[in-house]
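*Asks:* Shown below is the structure under consideration.
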Amino acid sequence: MIRELRLRGLGVINEATVPFAPGLTVLTGETGAGKTMVLTGLGLVMGAKADAAVVRLGAERADVDAEFVVTESTGAAALAEESGAVMDHDGDESVLLLGRTIAAEGRSRAFAGGRSVPATTLGEITELLMAVHGQSDQILLRDAKRQRELLDRYSGAAHLATLDHYRDVYRQWRSVDAELTQTRMRRDELTREVALLRHGIADIEAVSPVSDEDISLKEQATVLANATDLLADVLAAHDLLSGSDESDGANALMLMGQAQRLVDRAASVDTRLSESRDALAQAADAVAALALDLGAHARELDADPARLAALEDRRQAISALKRAYGPTLDDVLQWWEQAQRTVAAADPDRLEELQVEAARLGAEVIAQAATITTARLKSAKAFGSAVAAELHALAMADADLRIDVAAAEPGPDGADTIAFLLRPHAGSDFRPLGRGASGGELSRIMLAIEVVLADGHGVPTFVFDEVDSGVGGKVAVEVGRRLARLARQAQVIVVTHLPQVAAFADQHVVVTKGTDGAITATSVQVVEGDDRVRELVRMLSGLEDSQSGATHAAELLALARQER
């Protein structure tokens with residue numbers, strides 16, 4: 001449940017703390033007092049889109065913080081911990097703080113347990129903590145999709161699990177069926193394409209080039225074409241460094257040996273030459289190693305014309321592949337890989353595999369859809385009867401709700417369509433909720449549905465925003481009774497203008513707007529005793545000091561106490 005909501009710099013609210021208690025809490029106040037901002041604050045901590053327009057004029061930012069009490073076993077607690085939220089633990093219960101900050105320039109940030117999180121994370125957590133119903137839900141109630149969702153909720157957790165499995169199978173079936181259709185359409189085209197691809201694959205496989213081979217072949221061919229001159233230059237350099245059996249002149253190693261002996265003798269007298277002596281020794285070693293390398297390279301040089309011809313033939317073969325499938329050798333290799341994949345995918349056996357898989361999945365879709373339809377048919381009658389019974393208590397004594405489940409082609413949500421049909425009074429026809437149901441009737445139907453679903457609903461808190469609009473008098477009293485009944489099983493928060501509803505509250509919160517002539521601000525306070533009576537009198541007659549209004553308010557409170 002939600003324990004407290006703190007608002008700062010939000011619309012007409014400079015700073016306010018809204019307490020919430022178990023049971024039924026009502027929020028009342030004059031039109032424009034700021035009740036909407038309280039609901040806006042709740043929406044923000046539930047991940048709603050942030051709008052800089054809600055920031056109070058002159059404020060740098062708006063801050064909203066909500067304190068929830070959650071049990072360790074709930075999915076909300078697990079989601080919060082996964083997001084990194086830190087919670088205060090007390091036995092099986094924990095306190096979770098969710099927050100939102102909206103800067104005047106438009107930026108917003110979301111927090112869970114002191115950690116910055118995406119706003120969508122707040123939505124995922126609070127979806128398991130709160131269900132909000134406003135007048136827009138009355139419009140949604142007319143939608144076939146919304147009606148199906150309500151019937152599925154009533155059908156229970158096992159049914160919802162079956163529905164999730166069906167949706168997975170249905171998605172697989174549609175994917176395989178689409179691939180099968182595409183394969184069939186392209187079969188003839190693919191046959192021609194594959195023949196050309198196989199010809200190209202054979203051309204490339206005959207050469208079997210490797211990456212950058214064209215560059216390597218070019219370098220090798222250049223060396224072979226100039227092998228004679230290269231050999232002469234390398235041997236000459238080798239002779240200059242270390243001499244040869246035929247040479248009898250001085251060479252670098254001989255001269256360096258003479259220099260080493262002279263420096264060694266000088267260093268024995270002048271120790272400052274020791275570094276020069278060592279450097280000369282290292283240089284001599286380096287020259288000797290270089291001479292060996294040149295000699296080895298000279299022995300490896302090959303001036304074989306046959307080898308050069310073989311290299312040029314392969315270069316020409318690779319060049320032909322580049323002209324046909326290039327322009328670069330890497331492009332040729334990529335074409336080769338892609339062609340092999342396309343040919344493999346066009347394997348005639350693939351068509352047969354797709355046909356078998358599509359048939360298997362299609363059969364499973366039909367079987368699962370039949371199970372879902374059976375569950376919906378079973379639940380439809382019981383759900384309709386239960387809602388109708390609640391409507392009778394909400395001053396729709398002769399109303400009846402029928403839920404039709406009609407066969408349809410398999411779709412993402414099953415193989416049937418759902419329609420809620422209302423007969424508002426005896427002698428009238430059943431008509432879809434989208435036609436003929438008034439706003440007041442839709443309000444009562446929505447409330448009746450939530451009361452029926454409350455036992456199997458995992459959400460601990462319900463918020464109703466003026467869902468009692470369009471009703472009054474005796475009907476309003478019955479709406480108050482039903483909200484109080486729902487509050488026995490869950491926390492219920494109601495924004496209302498009806499004193500008949502407010503009288504049933506376990507906690508009454510009044511939102512008041514005041515001004516000093518320059519600044520308008522909203523305050524929030526819990527009212528009890530005489531203050532609560534005065535608020536009910538205001539709601540009844542608009543005259544806070546009306547004696548007859550006070551008598552009526554006292555009667556309402558007494559009636560509510562008896563009901564509770």
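*Asks:* Please find, among Arg261, Arg265, Arg184, the residue that is surrounded by fewer than 16 Cβ atoms within 10 Å (Cβ to Cβ), farther than 20 Å from Glu300 by Cβ and outside the structural domain of Leu308 (by TED's automatic domain parsing). Full working, then the answer.
*Replies:* Details: Arg261 fails: outside the structural domain of Leu308 (by TED's automatic domain parsing); Arg265 fails: outside the structural domain of Leu308 (by TED's automatic domain parsing).
That would be Arg184, the only listed residue that is surrounded by fewer than 16 Cβ atoms within 10 Å (Cβ to Cβ), farther than 20 Å from Glu300 by Cβ and outside the structural domain of Leu308 (by TED's automatic domain parsing).
*Asks:* Let me ask you something else. Consider Ala62 carefully, then state whether it is buried (at least 20 other Cβ atoms within 10 Å of the Cβ), farther than 18 Å from Ile125 by Cα and at pLDDT 90 or above. Even if it seems obvious, please write down each step before you answer.
*Replies:* Numbers: buried (at least 20 other Cβ atoms within 10 Å of the Cβ): yes; farther than 18 Å from Ile125 by Cα: yes; at pLDDT 90 or above: yes.
So Ala62 fits the description; yes.
*Asks:* Moving to a separate point now. Working only within the stretch 11-43, note down all residues that are touching a Leu at 6+ places or on another chain (Cβ under 8 Å) and among the hydrophobic types (A, V, I, L, M, F, W, C).
*Replies:* Ile13, Ala16, Val18, Phe20, Leu24, Met37, Val38, Leu42
*Asks:* Here are Val12, Val64, Val18, Val26: which of them is touching a His at 6+ places or on another chain (Cβ under 9 Å) and assigned by TED's automatic domain parsing to the domain that holds Ala490?
*Replies:* Numbers: Val12 fails: touching a His at 6+ places or on another chain (Cβ under 9 Å); Val64 fails: touching a His at 6+ places or on another chain (Cβ under 9 Å); Val18 fails: touching a His at 6+ places or on another chain (Cβ under 9 Å).
It is Val26.
*Asks:* Taking Met446 as meeting all but one of (1) at pLDDT below 90; (2) farther than 14 Å from Ile139 by Cα; (3) crowded, with 16+ Cβ neighbours inside 10 Å; (4) of a type in the set (A, V, I, L, M), write down the number of the exception.
*Replies:* So Met446 meets the others, but not (2).
*Asks:* Another question, then. Please specify each residue of the stretch 172-201 satisfying the condition of being touching a residue at least 24 places away in the same chain (Cβ under 8 Å) and within 30 Å of Arg376 (Cα to Cα). Even if it seems obvious, please write down each step before you answer.
*Replies:* First, the residues of the stretch 172-201 that are touching a residue at least 24 places away in the same chain (Cβ under 8 Å): 172-173, 176-177, 179-180, 183-184, 187, 190-191, 193-194, 197-198, 200-201.
Gln172, Trp173, Val176, Asp177, listed by residue number.
*Asks:* Let me ask something else. Which ranges mark the helices (runs of 4 or more DSSP H) fully within the stretch 51-151 that have 3 or more residues being under 22 Å from the mean Cα position of the chain (by Cα)? Outline the logic, then answer.
*Replies:* Details: elements: 75-82, 119-126, 135-140.
Because the criterion is at least 3 residues that are under 22 Å from the mean Cα position of the chain (by Cα), the helices (runs of 4 or more DSSP H) in the stretch 51-151 that meet it are 75-82, 119-126.
*Asks:* If you don't mind, there's one more thing I want to ask. Got at least one residue in the stretch 393-414 being without any contact (Cβ under 8 Å) to a residue 12 or more places away in the chain, touching a strand residue (DSSP E or B) at 6+ places or on another chain (Cβ under 8 Å), over 30 Å from Ala202 (Cα atoms) and not in a helix (DSSP H, G or I)?
*Replies:* yes
*Asks:* Only one residue in Arg272, Arg261, Arg265, Arg277 is farther than 26 Å from Thr222 by Cα, of a type in the set (Lys, Arg), part of a helix (DSSP H, G or I) and touching a residue at least 12 places away in the same chain (Cβ under 8 Å), so which one is that?
*Replies:* Details: Arg272 fails: touching a residue at least 12 places away in the same chain (Cβ under 8 Å); Arg261 fails: touching a residue at least 12 places away in the same chain (Cβ under 8 Å); Arg265 fails: touching a residue at least 12 places away in the same chain (Cβ under 8 Å).
Testing whether each residue is farther than 26 Å from Thr222 by Cα, of a type in the set (Lys, Arg), part of a helix (DSSP H, G or I) and touching a residue at least 12 places away in the same chain (Cβ under 8 Å) leaves just Arg277.
*Asks:* What do you reckon, is Arg100 within 24 Å of Glu15 (Cβ to Cβ) and surrounded by 14 or more Cβ atoms within 10 Å (Cβ to Cβ)?
*Replies:* On the way: within 24 Å of Glu15 (Cβ to Cβ): yes; surrounded by 14 or more Cβ atoms within 10 Å (Cβ to Cβ): yes.
When the stated conditions are applied, Arg100 passes them.
*Asks:* Residue under question is Ala310, and the condition is that it be within 28 Å of Ala236 (Cβ to Cβ), over 54 Å from the mean Cα position of the chain (by Cα), small (Gly, Ala, Ser) and part of a helix (DSSP H, G or I); does it hold? Steps first, answer last, please.
*Replies:* Details: within 28 Å of Ala236 (Cβ to Cβ): no; over 54 Å from the mean Cα position of the chain (by Cα): yes; small (Gly, Ala, Ser): yes; part of a helix (DSSP H, G or I): yes.
No.
The values are calculated or read from the model by the stated rules, or taken from the named source; none is laboratory data. Here the structure is a predicted model, which is why all the values come from computation and not from measurement. Don't worry about glycine lacking a Cβ; one is built from the backbone with ideal geometry, like all the others, and counts go over all protein chains shown.
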